[in-house]
Amino acid sequence: MTTPVGQTPSVLGRALLLLEPFRHREGLTLTELAERTGFPRSTTHRMLTQLVAVGWIRREGTTYLLGPKMAELGSIAQVHDRVHQAAQPVAYQLYRRTRGAVHVAVAASEDVLLLEKIGGRWAAANLDTRVGQRRGRGETAEGAALTRHEAGGPTQFHDIHRTLDSGEHIRCLAATFDVAGQGATHESTGGVAVISLTFPAARIHPSADEELRRGVSAVVHSLS
């Protein structure tokens, strides 16, 4: 990361500059980090203390290393990316075959994180969802399905009926599945994901459930 001449880096920019040397060295001292970043020792020490407090950096004696939070976030991002790469082509096929709105999402603590949304004009006009959106689990059918999955264990199929603010009744078919993952210390860091098909209740595709089951099976196989 570089900063244009004459421009003072932001707080976030300084933090990223301080993390950059760890690309090449596992552990660095305060002096080494100050030399590599060009920051005064006092500034470097203050920033390191703050990063240690939030888990981005850990300290062993006089040596600083990347902390557990960085490993955790990295493994979570890797899991999300794997799910999206495996599910995106399946999601497009599901939309073409059923014309239902397709969502791909993952459990994110007490929320649901939307990784993909594919749908036509009805979905755009009526479903208040977007890629990258994070919502409370109780706010979406996908979130409700993820919660049920975690309570019940294995791959599950959910048929959820809801009413939009407009009064229109919709039907959401959601298939949930476990995603295996591994963090930097080789512990299991997988999660739970869901793929859903949403239709106006009166216009659901007759074979939507079969199409969704086949699609999710293909994603699970791709991830295994």
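The values are calculated or read from the model by the stated rules, or taken from the named source; none is laboratory data. Since the structure is predicted, the reported quantities are computational estimates derived from the model, not experimental observations. Don't worry about glycine lacking a Cβ; one is built from the backbone with ideal geometry, like all the others, and counts go over all protein chains shown.
Scanning the range 115-128 for residues that are under 19 Å from the mean Cα position of the chain (by Cα) and within 19 Å of residue 90 (Cα to Cα) yields 115, 116, 117, 118.
Within the range 1-13, the presence of a residue that is at pLDDT 85 or above, surrounded by 15 or more Cβ atoms within 10 Å (Cβ to Cβ) and either assigned to a loop (DSSP other than H, G, I, E, B) or in contact with a Phe, Trp or Tyr (Cβ under 9 Å, 6 or more places away or on another chain) (or both) is excluded.
Of the residues that make up the range 183-196, is at least one assigned to a strand (DSSP E or B), over 23 Å from residue 95 (Cα atoms) and modelled with pLDDT under 90? Among the residues of the range 183-196, at least one is assigned to a strand (DSSP E or B), over 23 Å from residue 95 (Cα atoms) and modelled with pLDDT under 90, which makes the answer yes. Residues in the range 16-48 that are of a type in the set (Gly, Ala, Ser) and not in a helix (DSSP H, G or I): 27, 38. Among the residues of the range 195-224, those that are among the charged types (D, E, K, R) and free of Cβ contacts under 8 Å to residues at least 12 places away in the same chain comprise 203, 210, 214.
Scanning the range 121-146 for residues that are surrounded by 17 or more Cβ atoms within 10 Å (Cβ to Cβ) and of a type in the set (Val, Ile, Thr), we see that the one that is nearest to residue 101 (Cα to Cα) is 129.
Taking the condition farther than 30 Å from residue 193 by Cβ and either part of a helix (DSSP H, G or I) or modelled with pLDDT under 90 (or both), does residue 51 pass? Taking the combined requirement at face value, the residue satisfies it.
Report whether or not residue 152 is modelled with pLDDT under 90 and either buried (at least 17 other Cβ atoms within 10 Å of the Cβ) or small (Gly, Ala, Ser) (or both). Here the answer is yes, as residue 152 does meet what is asked.
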